[in-house]
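Single-structure report; data block below.
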Protein chains: 2
Amino acid sequence: MNLLLRIAYNGAAYCGFQSQNNGRSVQEVLTAAAGKAFGFPCSVTGCSRTDAGVHARGFCAVVAPVGNGEDHRLTVPPGKVHRALAKYLPDDIAVNGACFVPADFHPRYGVVSKEYVYRMRDARARDPFQAGLVWQLKKPLSPAMIDRMNEGAKYLVGKHDFSAFMAAGSKITDATRTVYELYICRGADGIIELHIAADGFLYNMVRIITGTLTEVAYGDREPADVADILAGRNRAGAGKTAPAEGLFLEKVTYPSEWGIEWQCD
Amino acid sequence: MNLLLRIAYNGAAYCGFQSQNNGRSVQEVLTAAAGKAFGFPCSVTGCSRTDAGVHARGFCAVVAPVGNGEDHRLTVPPGKVHRALAKYLPDDIAVNGACFVPADFHPRYGVVSKEYVYRMRDARARDPFQAGLVWQLKKPLSPAMIDRMNEGAKYLVGKHDFSAFMAAGSKITDATRTVYELYICRGADGIIELHIAADGFLYNMVRIITGTLTEVAYGDREPADVADILAGRNRAGAGKTAPAEGLFLEKVTYPSEWGIEWQCD
């Protein structure tokens with residue numbers, strides 16, 4: 001059996017999850033930690049790349065032994081994995097759940113839904129405890145502006161071709177995705193959160209949606225323009241890409257057939 | 001007129017507020033930023049020291065011009081001070097309020113009350129977004145355990161000699177302080193917060209109170225023992241000192257006669 005891990009990480013110090021030869025990746029740090037914790041070389045496969053500076057609270061990754069040595073078996077109880085790895089992981093990466101999965105489970109394929117949260121802050125003074133963890137907006141968002149964002153957002157819910165909300169130059173040919181849920185609200189802590197769940201995401205999709213909806217908020221576009229942007233299937237029609245630092249991968253849901261039950265003693 | 005600033009800072013990277021020749025202090029960073037923002041040398045005087053790693057959301061400090069040059073006057077509108085300083089401050093220090101005060105105002109004296117929050121986390125898995133911002137407990141705190149902490153806490157409210165809750169070796173001779181409020185509760189985010197307000201605090205007082213009350217929580221001491229510890233006036237009678245990273249200076253209140261009204265446009 002392989003181990004499926006649920007991971008939280010502060011992406012500020014990383015080039016992203018995936019190793020790309022342009023900086024330290026979460027994947028390489030996790031691979032080294034797994035090798036030390038389990039006592040033999042392991043491979044780590046993630047549920048997605050993520051850009052430099054993007055964070056995660058529920059990233060999923062599979063740890064598998066490298067090679068077929070009889071003694072290279074993952075036998076640690078899943079509930080104790082977070083503690084085994086904590087010794088070898090830096091403070092900005094933590095395992096918060098684990099379970100066994102068969103060798104044919106791949107964390108990137110057959111995902112039922114992924115959920116992201118994009119965090120924005122509109123208080124005037126900076127907050128040192130939110131540095132790198134939120135998009136600091138230059139202008140406040142009134143309740144009416146947040147209503148405008150939600151009005152624009154409703155055009156994106158459902159099954160659509162999201163080419164307009166995909167970074168230019170992406171090699172994806174089928175840009176059809178189903179957005180299950182998309183709403184914007186202000187939390188008790190004053191942070192404005194955009195919540196989005198879909199069966200999959202295109203490159204920069206959440207960040208382009210967020211950037212476009214803030215332009216709707218501030219009156220640079222009308223809520224109904226979002227329908228036209230979507231129909232246009234052209235990246236140039238949408239708004240700016242919101243910065244990486246506000247984006248959090250919250251949750252990945254796999255088909256119930258896999259029987260995934262997160263354990264964390 | 002001098003400028004009174006209200007400051008938030010993440011203390012992880014600092015030796016404390018006050019310059020002590022053992023690392024970078026918030027005071028020296030703020031002094032350099034004020035000099036650049038206002039165009040002439042300034043002094044910065046804080047409302048308290050604070051230990052290495054301790055944080056603040058409402059620290060108060062006075063900025064005063066050094067020397068008497070006619071052109072060395074603080075004329076920037078207080079509401080704009082946070083923006084003027086933001087250009088020269090790192091991400092982990094931010095001004096979130098300012099107002100003018102007369103030259104005889106000293107931020108350390110005549111304080112009506114100071115409020116601290118001590119943050120504890122008892123979830124089993126680590127949280128990368130709370131690293132350095134909370135005391136990660138080894139064992140969970142049940143509601144009954146938090147009740148025990150509050151039961152013990154009630155003996156500390158009021159005017160008492162807090163010698164037992166002062167770091168050994170402190171040179172303070174009068175350890176009498178009045179605690180206005182002290183309670184422990186779990187917030188919506190799962191973090192357990194100890195809230196304490198007093199007319200003043202002894203060295204390590206909040207951290208020793210916190211450490212002692214967690215021992216009460218876990219049954220190593222009884223709630224009523226807190227009364228005996230207090231009466232004993234002996235540091236050795238109290239519990240361990242909780243780590244610096246969970247401590248936040250939240251608020252400083254000055255007499256209303258000063259007419260302090262925080263501005264932050």
Practice prompt. May I ask you to verify whether A:D122 is free of Cβ contacts under 8 Å to residues at least 12 places away in the same chain and not β-branched (V, I, T)?
Written response: no
Worksheet item: Could you list, in sequence order, the residues of segment A:51-69 that are farther than 18 Å from A:Y88 by Cβ, open to solvent by 30 Å² or more (accessible area, probe 1.4 Å) and either of a type outside the set (G, A, S) or assigned by TED's automatic domain parsing to the domain that holds A:L133 (or both)?
Response: A:D51, A:R57, A:N68
Discussion item. Can you tell me how many residues within segment A:168-220 are part of a loop (DSSP other than H, G, I, E, B), of a type in the set (D, E) and either farther than 12 Å from A:Y116 by Cα or assigned by TED's automatic domain parsing to the domain that holds A:H55 (or both)?
Written reply: 3
Practice prompt. Return the only residue of B:S48, B:S19, B:S25, B:S43 being buried (at least 20 other Cβ atoms within 10 Å of the Cβ), without any contact (Cβ under 8 Å) to a residue 24 or more places away in the chain and outside the structural domain of B:Q130 (by TED's automatic domain parsing).
Written response: B:S25
Worksheet entry | Extreme residue, surrounded by the most Cβ atoms within 10 Å (Cβ to Cβ), among residues of segment B:230-265 that are away from every other protein chain (no Cβ under 14 Å) and in a strand (DSSP E or B) | B:V252
Practice prompt. Could you tell me which of the residues A:L30, A:L5 is hydrophobic (A, V, I, L, M, F, W, C), within 14 Å of chain B (Cβ to nearest Cβ) and in a helix (DSSP H, G or I)?
Written response: A:L30
Worksheet item: Taking the stated definitions as given, is A:R126 buried (at least 17 other Cβ atoms within 10 Å of the Cβ), within 24 Å of B:Q130 (Cα to Cα) and modelled with pLDDT under 95?
Response: yes
Worksheet item: Any idea which residue in segment B:77-108 is nearest to the other protein chains (Cβ to nearest Cβ), counting only those that are among the small types (G, A, S) and closer than 17 Å to B:P41 by Cα?
Response: B:A84
Fill in: Residue within segment A:130-143 that is away from every other protein chain (no Cβ under 14 Å) and in a helix (DSSP H, G or I) present
yes
Discussion item. Suppose the filter is more than 24 Å from B:D199 (Cβ to Cβ) and away from every other protein chain (no Cβ under 14 Å); does B:L74 pass it?
Written reply: yes
Worksheet entry | Failed item in (1) touching a residue at least 12 places away in the same chain (Cβ under 8 Å); (2) open to solvent by 40 Å² or more (accessible area, probe 1.4 Å), with B:A198 passing the rest | (2)
Worksheet item: hydrophobic (A, V, I, L, M, F, W, C), surrounded by 20 or more Cβ atoms within 10 Å (Cβ to Cβ) and assigned to a loop (DSSP other than H, G, I, E, B): does that describe A:L89?
Response: yes
Practice prompt. Would you confirm whether any residue within segment A:36-46 is of a type in the set (V, I, T) and either part of a helix (DSSP H, G or I) or facing chain B (nearest Cβ under 10 Å) (or both)?
Written response: no
Discussion item. Taking the conditions exactly as written (within 14 Å of chain A (Cβ to nearest Cβ), touching a strand residue (DSSP E or B) at 6+ places or on another chain (Cβ under 8 Å) and over 30 Å from B:N204 (Cα atoms)), does B:V54 satisfy them or not?
Written reply: no
Item to complete: Could you please let me know if B:R148 is crowded, with 19+ Cβ neighbours inside 10 Å, on the phi < 0 side of the Ramachandran plot and in contact with a His (Cβ under 9 Å, 6 or more places away or on another chain)?
Response: no
Worksheet item: Mind checking which pairs have a first residue in segment A:84-109 that is farther than 28 Å from A:P255 by Cβ and in contact (Cβ under 8 Å) with a residue 12 or more places away in the chain and a second that is open to solvent by 40 Å² or more (accessible area, probe 1.4 Å) and assigned to a loop (DSSP other than H, G, I, E, B), Cβ under 9 Å, 6 or more apart or different chains?
Response: A:L89/B:R126; A:P90/B:A131; A:D92/B:A131
Worksheet item: Of these, A:I191, A:I208, which one is buried (at least 16 other Cβ atoms within 10 Å of the Cβ) and either farther than 24 Å from A:T50 by Cα or within 14 Å of another protein chain (Cβ to nearest Cβ) (or both)?
Response: A:I191
Worksheet item: Across segment B:113-129, what is the total count of residues that are of a type in the set (D, E) and facing chain A (nearest Cβ under 8 Å)?
Response: 1
Worksheet item: Taking the condition open to solvent by 60 Å² or more (accessible area, probe 1.4 Å), touching a Ser or Thr at 6+ places or on another chain (Cβ under 9 Å) and in a loop (DSSP other than H, G, I, E, B), does A:R108 pass?
Response: yes
Worksheet item: Condition test on B:E151, is it of a type in the set (D, E), closer than 24 Å to B:M120 by Cα and either in a helix (DSSP H, G or I) or over 20 Å from the mean Cα position of the chain (by Cα) (or both)?
Response: yes
Worksheet item: Does A:H82 satisfy the criteria of being closer than 20 Å to B:A125 by Cα and open to solvent by less than 10 Å² (accessible area, probe 1.4 Å)?
Response: no
Worksheet item: With respect to the numbered conditions (1) under 30 Å from B:A84 (Cβ atoms); (2) within 16 Å of the chain's Cα centre (by Cα), which one is the sole condition not fulfilled by B:V206?
Response: (1)
Fill in: Members of segment B:8-22 that are more than 14 Å from every other protein chain (Cβ to nearest Cβ) and under 24 Å from A:G132 (Cα atoms)
B:C15, B:G16
Practice prompt. Being under 19 Å from the mean Cα position of the chain (by Cα), open to solvent by 10 Å² or more (accessible area, probe 1.4 Å) and among the aliphatic types (A, V, I, L, M) is the filter here, so list the residues in segment A:154-188 that pass it.
Written response: A:V157, A:M166, A:A167, A:I172, A:L182
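The values are calculated or read from the model by the stated rules, or taken from the named source; none is laboratory data. Everything quoted here is computed from the prediction, not taken from an experiment. All Cβ positions, even for glycine, are placed from backbone atoms using ideal geometry, and neighbour counts span all protein chains on display. In case anyone asks, the SASA skips ligands and DNA or RNA and just uses the protein heavy atoms, side chains included. Shrake-Rupley method; radii C 1.70, N 1.55, O 1.52, S 1.80 Å.
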